[in-house]
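Quick notes on the structure that follows.
The values are calculated or read from the model by the stated rules, or taken from the named source; none is laboratory data. Please read all numbers here as calculations on a predicted model, not as lab measurements. FYI the Cβ positions are ideal-geometry reconstructions off the backbone, even for glycines, and counts take in every protein chain you see. Surface areas here come from the heavy atoms of the whole protein model, side chains and all, with no ligands, DNA or RNA. Shrake-Rupley method; radii C 1.70, N 1.55, O 1.52, S 1.80 Å.
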Amino acid sequence: MADISFRLKAENKGDAYEIKALFKHPMESGVRKNKATGEVYPADFINEITAKLNGTPVMVAEWSGAVSQNPFLAFKVTGKAGDKLEVSCTSNKGDSGTSTADLA
Amino acid sequence: MKRRTFLKAGLATSATAVAVSAGILAPNAVFAAYNEAAFKTKTVDEGMSAVFGSAAAADSADIKLKAPAIAENGAVVPVEVDATAMKGVESIAIFVAKNAVPLACTYKFSAGALGFAAVRVKMGETQDVVAVVKAGGKLFKTKSEVKVTIGGCGG
């Protein structure tokens with residue numbers, strides 16, 4: 001089980017915080033074939049992302065293999081400066097990663 | 001024959017009703033486990049039923065769906081759904097109509113998050129992106145066509 005690394009950024013937009021995450025992941029859908037050998041590349045994609053604000057889940061995303069390679073995710077939360085944001089993701093293979101950011 | 005059709009229709013309706021009520025009664029449905037079945041559906045309507053329990057959604061101008069009119073690279077198409085104008089947004093689902101599995105992603109929100117989601121999706125050909133938003137227990141949708149020009153020369 002490998003680690004999924006990603007960058008997390010919280011931007012103050014005035015009335016809300018925009019959270020952006022950029023993951024490093026192949027997002028292999030399980031449909032694509034190797035053109036030379038005809039073999040199907042096995043599915044390997046991030047399928048679940050959970051965001052917690054001060055420990056309380058605020059957003060859960062479920063993804064299929066139709067999300068692009070090295071995926072980008074953005075969502076908005078209401079919070080205040082100093083709130084702790086934690087985002088974790090898991091893939092269909094069981095790989096996982098966690099990243100944290102403080103709202104400013 | 002007519003009676004038979006009528007009975008069949010009745011059965012189908014009651015089955016849907018049961019499914020809907022089961023969906024409402026399911027505790028903690030907001031943050032349930034990964035919806036494997038929904039990501040195996042083959043049409044937008046099936047996907048909506050699997051995610052929201054219903055495929056009936058009203059068109060709404062309050063959902064702002066931002067997707068490029070022309071995408072040069074179908075492997076990376078940025079899509080943004082902004083439903084912050086709506087109150088009580090519970091979830092957002094994004095469908096790419098002609099993909100083998102149209103359901104690309106779903107987002108569920110609880111208090112503390114706004115009805116907003118952005119993502120990049122893959123699409124093989126020119127087609128509609130459909131955004132479905134559940135707010136206040138009701139379903140709303142909007143769509144936008146994206147032209148995919150893999151050659152990059154337009155057309």
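Just to confirm the filter: which trypsin sites (Lys or Arg not before Pro) across the range A:61-92 are DSSP coil and have at most 11 other Cβ within 10 angstrom of their Cβ?
Within the range A:61-92, the qualifying trypsin sites (Lys or Arg not before Pro) (loop, at most 11 other Cβ atoms within 10 Å) are A:LYS80.
Averaged across B:116-126, how many Cβ atoms of other chains sit within 10 Å of each residue's Cβ atom?
5
Quick one: which of A:LYS93/B:LYS40; A:LYS24/B:LYS64; A:LYS93/B:LYS98; A:LYS76/B:LYS147; A:LYS35/B:LYS40; B:LYS64/B:LYS141 span more than 20 angstrom between C-alpha atoms?
Check vs 20 Å cut-off fails for A:LYS24/B:LYS64; A:LYS93/B:LYS98; A:LYS76/B:LYS147; A:LYS35/B:LYS40.
Can you send over the carbon and sulfur percentage of the accessible area for chain A, probe radius 1.4 Å, protein chains only?
Percent of accessible area from carbon and sulfur atoms in chain A: 48.
Can you pull out the trypsin sites (Lys or Arg not before Pro) in the range B:87-151 whose DSSP state is coil and whose Cβ has at most 10 other Cβ atoms within 10 Å?
Qualifying residues, ordered by number: B:LYS87.
Considering only the other residues whose Cβ falls under 15 Å of the Cβ of A:ASP44, what net charge follows from Lys and Arg at +1 and Asp and Glu at -1?
In short, 0.
I need the phi-derived Karplus couplings for the range A:40-46: 6.51 cos²θ - 1.76 cosθ + 1.60, θ = phi - 60°, integer Hz, Gly and Pro marked x.
8, 5, x, 4, 7, 9, 5
Given bins 5 angstrom wide, list per bin the percent of all Cα-Cα distances in the range A:6-102, short to long.
3, 13, 23, 21, 15, 10, 7, 4, 3, 2, 1
Where Rh is the Kirkwood radius over the Cα pairs of the range B:33-148, the temperature 10 °C and the viscosity 1.306 mPa s, what D in µm²/s does Stokes-Einstein return?
Answer from the Stokes-Einstein relation: 113 µm²/s.
At a probe radius of 1.4 Å, what is the per-residue accessible area of B:PHE109, in Å² to the nearest 10?
My reading of the accessible area for B:PHE109 is about 10 Å².
Name the residue, out of A:ASP83, A:ASP44, A:ASP15, whose mean-square fluctuation peaks in a Gaussian network model built on chain A with Cα pairs under 10 Å.
Answer for the Gaussian network model of chain A: A:ASP15.
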